[in-house]
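Here is the structure we will look at.
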Amino acid sequence: MADIRECPLCGTTMRLKLTETIVQIPGNPKPTRAPSREWICPECDYFEEDDGERK
């Protein structure tokens, strides 16, 4: 499955977390949405940004 990865610190399965940040830019009436993806380990709280590579 593409949405799992092994944690480099403790070896457990990391999960991909998808979040969307809303930023209000001065002078722009519409808020800008910026999606972000992070790999998070539920055991040791290690995290890293998703680089977009698919293995």
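Within the range 9-17, is there a residue that is in contact with a Ser or Thr (Cβ under 8 Å, 6 or more places away or on another chain) and either surrounded by 10 or more Cβ atoms within 10 Å (Cβ to Cβ) or in contact (Cβ under 8 Å) with a residue 12 or more places away in the chain (or both)?
Residues of the range 9-17 in contact with a Ser or Thr (Cβ under 8 Å, 6 or more places away or on another chain): none.
Taking every residue of the range 9-17 in turn, none turns out to be in contact with a Ser or Thr (Cβ under 8 Å, 6 or more places away or on another chain) and either surrounded by 10 or more Cβ atoms within 10 Å (Cβ to Cβ) or in contact (Cβ under 8 Å) with a residue 12 or more places away in the chain (or both).
When ILE22 is evaluated against the numbered criteria (1) modelled with pLDDT of 90 or more; (2) of a type outside the set (Asp, Glu); (3) part of a loop (DSSP other than H, G, I, E, B), which criterion, by number, is the only one it fails?
The one condition ILE22 does not meet is (3).
For the structure I just gave you, tell me whether ARG33 is open to solvent by 100 Å² or more (accessible area, probe 1.4 Å) and at pLDDT below 90.
Details: open to solvent by 100 Å² or more (accessible area, probe 1.4 Å): yes; at pLDDT below 90: no.
It is false that ARG33 is open to solvent by 100 Å² or more (accessible area, probe 1.4 Å) and at pLDDT below 90.
GLU49: open to solvent by 100 Å² or more (accessible area, probe 1.4 Å), out of contact with any helix residue (DSSP H, G or I) (no Cβ under 8 Å at 6 or more places or on another chain), charged (D, E, K, R) and at pLDDT below 90, yes or no? Explain how you work it out, then say what you get.
Numbers: open to solvent by 100 Å² or more (accessible area, probe 1.4 Å): yes; out of contact with any helix residue (DSSP H, G or I) (no Cβ under 8 Å at 6 or more places or on another chain): yes; charged (D, E, K, R): yes; at pLDDT below 90: yes.
Judged against the criteria, GLU49 is a match.
The values are calculated or read from the model by the stated rules, or taken from the named source; none is laboratory data. The model shown is predicted, which means the values in this text are computed figures rather than measured ones. Note that we place each Cβ from the backbone using ideal geometry, even for glycine, and neighbour counts take in every protein chain shown. Just the protein is used for accessible areas: all its heavy atoms, side chains included, with ligands, DNA and RNA removed. Shrake-Rupley method; radii C 1.70, N 1.55, O 1.52, S 1.80 Å.
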